[in-house]
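Below is one structure, written out as structure tokens, with a few remarks after it.
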Amino acid sequence: MSINWQPLVDLIGRHERFLITSHCRADCDAVGSEIGLALALELLGKHARIVNGDALPEHIGFMDPDDRVGELGTSAPLESLRGYDALVIVDTSAWGQLGAMADVVRGFAGELVVIDHHIESDDLNATVFRDETAEATGRLILQLCEALSVEVTPAMAAPLFAAIATDTGWFRFSSVTAATFQALAKLTDAGAKPPALFSQLYEQHSLARIHLRGRILDHVTPECDGRLMWTYVTMDDFASTGANRTDTEDAINALLTVAGAEAAAIFVELESDVTKVSLRSRSDFDVRAVAEQFGGGGHRAAAGITYRGPRDEAQAAILDALRAGLQ
Ligand SMILES: [Mn+2]
């Protein structure tokens, strides 16, 4: 599927002042798409401003070296958002993900545009440019640049490369196609530096995170003849390593590197009676179905549960459901 960009090219030609936003808890695809689009509009002589509903997460601050991403209510007061001709929403089409920007979108008097690659979508009353087959919104912004005949600068190439790199897990997800690498080749030609971006994205962890990872790996236990791998983190693991909650992110994927593992689970003890559970599958096994039994949700291959109860209770109940599902 490919998008006909001409209506957006025409819309951009008609207007001068553009607001750009994305989902809260921005990731590299969100902010990379915002910055790439803002710089493209500026090369066309337009005014572009990025405002999100919350602050840019600290760990991706490197994506915004010129401090372009504003936060509604702090660096971007509500009254300063008047007088824009168009508001472009990138990398989401969900009211619930816009945070405080949802009210700005609802009350916006100018043209509303969505550029997105997600299947799940609300009607934002916008002109929508969507390609669910695209691995990242960043690649759609690159397509738009081509439609606009804007030459990609190094300042655009780096965030767009990071956008595609992170939404594909550094080019290893099933969403990756030849078009992914064609886009990456263009961005590398335009000045993106893959080794430096890899280091910024994946090699900036704290020592505490590595120590926590050690605990997590030490606790890995096989079930169902090795088809299921599970592990846990206790409040004491956090305290004794000095790691924080976000340091458990991505750890579960290490469990799926064991040969024969089809599914994985991690039980994170946040409080004595709150356990955060993440589930992954790399087979046909549907972990969302298990998550939904406990009030959680997600996707077939990645799902989560916030379990109101002690960790041992969560483990007993959810491991039972996983064993039953893997029979
Ligand atoms: Mn995305």
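Inspect all residues belonging to the range 253-267 and state whether any of them is within 20 Å of Ser206 (Cβ to Cβ) and open to solvent by less than 40 Å² (accessible area, probe 1.4 Å).
yes
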Does any residue of the range 67-78 turn out to be open to solvent by less than 60 Å² (accessible area, probe 1.4 Å), assigned to a loop (DSSP other than H, G, I, E, B), of a type in the set (A, V, I, L, M, F, W, C) and modelled with pLDDT of 95 or more? no
Got at least one residue in the range 94-102 being on the phi < 0 side of the Ramachandran plot, assigned by TED's automatic domain parsing to the domain that holds Ile12, within 16 Å of the ligand (Cβ to nearest atom) and among the aliphatic types (A, V, I, L, M)? yes
Please find, within the range 153-175, the residue that is farthest from the ligand (Cβ to nearest atom) out of those that are open to solvent by 30 Å² or more (accessible area, probe 1.4 Å) and not in a helix (DSSP H, G or I). Thr153
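Looking at the range 218-237, which of its residues are without any contact (Cβ under 8 Å) to a residue 60 or more places away in the chain, closer than 21 Å to Ala208 by Cα and open to solvent by 30 Å² or more (accessible area, probe 1.4 Å)?
Asp218, His219, Val220, Met235, Asp236
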Which residues, taken from the range 129-152, are of a type in the set (Val, Ile, Thr) and either within 15 Å of the ligand (Cβ to nearest atom) or on the phi > 0 side of the Ramachandran plot (or both)? Thr133, Thr137, Ile141
If you go through the range 15-32 one residue at a time, do you hit one that is in a loop (DSSP other than H, G, I, E, B) and either more than 15 Å from the ligand (Cβ to nearest atom) or out of contact with any helix residue (DSSP H, G or I) (no Cβ under 9 Å at 6 or more places or on another chain) (or both)? yes
Check on Ala134, open to solvent by less than 20 Å² (accessible area, probe 1.4 Å), of a type outside the set (D, E, K, R) and under 23 Å from Gly61 (Cα atoms): no
Out of (1) over 23 Å from the mean Cα position of the chain (by Cα); (2) on the phi > 0 side of the Ramachandran plot, what's the single condition that is false for Asp250? (1)
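The values are calculated or read from the model by the stated rules, or taken from the named source; none is laboratory data. All of these numbers come straight from a predicted model, not from anything done at the bench. Cβ sites come from the backbone with ideal geometry, for glycine too, and all protein chains shown count toward neighbours. Heavy atoms of the whole protein, side chains included, go into the accessibility calculation; ligands, DNA and RNA do not. Shrake-Rupley method; radii C 1.70, N 1.55, O 1.52, S 1.80 Å.
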